[in-house]
Every structure is written in structure tokens, then in C-alpha cells.
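The values are calculated or read from the model by the stated rules, or taken from the named source; none is laboratory data. Everything numeric in this text was worked out from a predicted model, so none of it was measured. For neighbour counting, all protein chains shown are included, and Cβ atoms are generated from backbone atoms with ideal geometry for every residue, glycine included. Please note that ligands, DNA and RNA were not included when accessible areas were found on the heavy atoms of the full protein model with its side chains. Shrake-Rupley method; radii C 1.70, N 1.55, O 1.52, S 1.80 Å.
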Amino acid sequence: MDLGLKGKAMFVAASSKGIGLGVAKALAEEDADVLIGSRNEEQVDKSVSELDKLGKGRVVGHFLDASDARSIKEWIEFGMAKLGDPDGLLVNAGGPPAGKFLDFYDSDWQSAFELTLMSAVRMIKAVLPKMREKGKGSVLSVTSSSVKEPIESLLLSNVMRSGVTSLMKSLSVEFGPENIRFNNLVPGRIDTERVKHLDEINSKMLNIPLEKHKKNEMSSIPLRRYGTTDEIGRAGAFLLSDAASYISGVTLLVDGAKTKTVW
Ligand SMILES: NC(=O)c1ccc[n+]([C@@H]2O[C@H](COP(=O)([O-])OP(=O)(O)OC[C@H]3O[C@@H](n4cnc5c(N)ncnc54)[C@H](OP(=O)(O)O)[C@@H]3O)[C@@H](O)[C@H]2O)c1
């Protein structure tokens, strides 16, 4: 199957590592032109060099702090100057801190709102005019299986990602007539630094050794393992591509059947 990504300008946020890098990798392998970005510029440069070897497209990177409006604007402007108007956007950011209701002050809620929900609003606002001019576009947002089954220790993520899910569905309705697609990519447990960090926190909280905790987690997943960034990356590249031209408003779980809901 030809994903039709060759020469397409794909902007991939929060992508020097983890899931974002997995999606960027799959796009680069398909010869797309790829913009990546995150806060650690040294790591961005390293990942650009790694991605550059994968395909025939151009790969560029720039500083991005997804919680900062000005930084998002600069990152998108950089991408447009280097790669042209965007055909696709992966909305992504680091996860908000772990914790339960009584752990958080108003300022924590405000920060999570800026990082998770407003970053999506701002990135989409910045690319939408060019996609409308082209009469075509694809936007994909990384959320979490917590939008289907709230995760006890991740309250801020549960709440803010539900907002993002609803945003994407609403935009799929509003901009469908202009041929702009909006979907959600939903990791269950993908083997990244974020998941390593959460496993450490949870094993301490539950007072069980880390390896035992990971074994328990994996045994709750029908495919009996964590997913890889390559696996979720391929799903992301597909949804961003023309091969998914009739898929919009969808929330795709990439979770090894971890989420036990029918819909
Ligand atoms: N892995 C999973 O199974 C899983 C499950 C559910 C939800 N998620 C969510 O999916 C997203 C990606 O997770 P991941 O597992 O790939 O995390 P990760 O391995 O920690 O990678 C996060 C990437 O995002 C960048 N980043 C973090 N904060 C940023 C910011 N404010 N602005 C720009 N870039 C930022 C990081 O680089 P810098 O730190 O240098 O900026 C890094 O490149 C997170 O929101 C996470 O909560 C992941």
C-alpha cells in the first residue's frame, strides 16, 4: 500500500523521543518531509540526524515548548519556512504530572490546561489557515487510553485529554466539509521514558519491586507486553496519510487490547 507521503510536509510535535519520534520515524521512512521539535535542542539535533538516514525527504528540527504560545508559533513558522505549508500535524506534548485530586493546586490545573489542551488548540490554529487554502489536511493528536478508562494516578491527564478528544471530534465535524481530517491516536502502554517513569512511581506507591510491577502491568494486557514506538509510529503515519483519506473523527487505540471497553 502506498501511503502517499512522499514529499508531504509533516509537522510532528514533542518528537525528539518516544511516541512522537516513533511517528516521525515512520513518516521519514515513507519519504515525507518532517519537522520535529522539543525543548532539549541537543536531543532534537541527534534525532534529526537519525531520521535523516531513513528516507529521501528533508528532516528539520527546532526548539519547541508545547506549553508556550510563542514557542508554538515560532516552531510552526520555522517548519513552513523550511518545508512549505503543512499537509499534516501530529499534536503531542509531554504528559502532565502524576497525582490524585488532593495533590493539586489551581496552578497545577492551569499548567496542565496549557500543556495538554491549549497546546492542541494553538498548534491546530497555526496550521489550519494553510490547510484550508490547500483544501486538504490531516491532524492527529496523541491522547491516552485514560479517555476511555480513567487512570487513578493520572487525574490531570484523564481530564485534559478528554477535552482534547472532544476538540478533535468537534473539529472533524466543523472542518470535514473542507476535507481536513482530525483523529486521535491513543497509546495504552508504549515502552518509552514516560512509561518507565510512571512504572517507577507506581511500584513505589504500591510498595512492590519494579520488575514485579511491570510483570503485573503486562499481564493485564491481552497481548502480554508493552507496545513499541515503531508500532504506534506506523499507526500514526497511516492516520496522517492519504491512505486514511476517509477516516476522520476517530479515536484509535494502540494498546494491545488493554482497554476493556467495546467502543
Ligand atoms: N507511552 C505511553 O504508553 C503513553 C500512554 C498514554 C499517554 N501517553 C502520552 O503520550 C505523550 C508522549 O508520551 P511518550 O511516552 O512518548 O513520552 P516521552 O518518552 O517522555 O517523550 C516525550 C517527548 O516529548 C517532548 N516533550 C515533553 N514535554 C514537552 C514540551 N512541553 N514541549 C515540547 N516537547 C515536549 C520530550 O522532549 P523534551 O523533554 O526535550 O521537551 C520528548 O521528546 C505524552 O503526553 C504522554 O503522557 C503516553
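When the residues of region 195-206 are narrowed to those that are among the hydrophobic types (A, V, I, L, M, F, W, C) and open to solvent by less than 20 Å² (accessible area, probe 1.4 Å), which ends up nearest to the ligand (Cβ to nearest atom)?
So in region 195-206, the residues among the hydrophobic types (A, V, I, L, M, F, W, C) come out as 195, 198, 201, 205-206.
Imposing the further condition that a residue be open to solvent by less than 20 Å² (accessible area, probe 1.4 Å) reduces the set to 195, 198.
Numbers: VAL195: 5, LEU198: 8 Å.
Within region 195-206, the match that is nearest to the ligand (Cβ to nearest atom) is VAL195.
Please enumerate the residues belonging to region 208-250 that are open to solvent by less than 60 Å² (accessible area, probe 1.4 Å), assigned to a loop (DSSP other than H, G, I, E, B) and without any contact (Cβ under 8 Å) to a residue 60 or more places away in the chain.
Of everything in region 208-250, those that are open to solvent by less than 60 Å² (accessible area, probe 1.4 Å), assigned to a loop (DSSP other than H, G, I, E, B) and without any contact (Cβ under 8 Å) to a residue 60 or more places away in the chain turn out to be ILE208, SER220, ILE221, TYR226.
So, in region 182-202, how many residues would count as being of a type outside the set (D, E, K, R) and in a helix (DSSP H, G or I)?
So in region 182-202, the residues of a type outside the set (D, E, K, R) come out as 182-188, 190, 192, 195, 197-198, 201-202.
If we keep only those that are in a helix (DSSP H, G or I) too, we end up with 195, 197-198, 201-202.
Going through region 182-202 one residue at a time, the tally reaches 5.
Of all residues in region 170-181, which are hydrophobic (A, V, I, L, M, F, W, C) and not in a helix (DSSP H, G or I)? Outline the logic, then answer.
Taking region 170-181 and keeping what is hydrophobic (A, V, I, L, M, F, W, C), we get 171, 173, 175, 180.
Within region 170-181, just ILE180 meets the criteria.
Pairs, please: C-beta under 6 Å, at least 6 apart or cross-chain, first residue acidic (Asp, Glu) and in region 85-97, second open to solvent by 30 Å² or more (accessible area, probe 1.4 Å) and assigned to a loop (DSSP other than H, G, I, E, B)?
ASP87/LYS8
From the list MET160, MET131, which residue is in the same structural domain as SER67 (by TED's automatic domain parsing), over 15 Å from PRO96 (Cα atoms) and open to solvent by less than 50 Å² (accessible area, probe 1.4 Å)? Even if it seems obvious, please write down each step before you answer.
Details: MET160 fails: over 15 Å from PRO96 (Cα atoms).
When all the criteria are applied, what remains is MET131.
Given the conditions (1) among the aliphatic types (A, V, I, L, M); (2) surrounded by 17 or more Cβ atoms within 10 Å (Cβ to Cβ); (3) closer than 17 Å to LYS8 by Cα, report the number of the one that ALA81 does not fulfil.
Against the list (1) among the aliphatic types (A, V, I, L, M); (2) surrounded by 17 or more Cβ atoms within 10 Å (Cβ to Cβ); (3) closer than 17 Å to LYS8 by Cα, ALA81 comes up short only on (2).
Just to check your reading of the model, which residue among LEU21, LEU27, LEU35, LEU51 is near the ligand (Cβ under 8 Å from one of its atoms) and outside any loop (DSSP other than H, G, I, E, B)? Even if it seems obvious, please write down each step before you answer.
Details: LEU27 fails: near the ligand (Cβ under 8 Å from one of its atoms); LEU35 fails: near the ligand (Cβ under 8 Å from one of its atoms); LEU51 fails: near the ligand (Cβ under 8 Å from one of its atoms).
Every option except LEU21 fails the conditions.
Based on this model, can you work out whether SER203 counts as free of Cβ contacts under 8 Å to residues at least 12 places away in the same chain and closer than 30 Å to ALA9 by Cβ? Lay out the reasoning, then the answer.
Working: free of Cβ contacts under 8 Å to residues at least 12 places away in the same chain: yes; closer than 30 Å to ALA9 by Cβ: no.
Against the criterion (free of Cβ contacts under 8 Å to residues at least 12 places away in the same chain and closer than 30 Å to ALA9 by Cβ), SER203 does not qualify.
What tally of residues in region 169-194 results from selecting those that are open to solvent by less than 70 Å² (accessible area, probe 1.4 Å), touching a residue at least 40 places away in the same chain (Cβ under 8 Å) and more than 8 Å from the ligand (Cβ to nearest atom)?
Summing the residues that are open to solvent by less than 70 Å² (accessible area, probe 1.4 Å), touching a residue at least 40 places away in the same chain (Cβ under 8 Å) and more than 8 Å from the ligand (Cβ to nearest atom) in region 169-194 gives 11.
What is the residue count in region 88-124 for residues that are open to solvent by 40 Å² or more (accessible area, probe 1.4 Å), in a helix (DSSP H, G or I) and within 11 Å of the ligand (Cβ to nearest atom)?
The qualifying residues number 2.
I need the full set of residues from region 125-145 which are on the phi > 0 side of the Ramachandran plot and part of a helix (DSSP H, G or I), in order please.
Answer for region 125-145, where residues must be on the phi > 0 side of the Ramachandran plot and part of a helix (DSSP H, G or I): there is none.
Consider only pairs whose beta carbons are under 6 Å apart and that are at least six residues apart or on different chains; among these, list those whose first residue lies in region 45-60 and is touching a residue at least 24 places away in the same chain (Cβ under 8 Å) and whose second residue is assigned to a loop (DSSP other than H, G, I, E, B) and charged (D, E, K, R).
GLY55/ASP31; LYS56/ASP31; GLY57/ASP31
Just to check your reading of the model, which residue among SER138, SER144 is under 24 Å from ARG161 (Cβ atoms), within 10 Å of the ligand (Cβ to nearest atom) and either open to solvent by less than 50 Å² (accessible area, probe 1.4 Å) or not assigned by TED's automatic domain parsing to the domain that holds GLY236 (or both)?
Numbers: SER138 fails: within 10 Å of the ligand (Cβ to nearest atom).
From the options SER138, SER144, the qualifying one is SER144.
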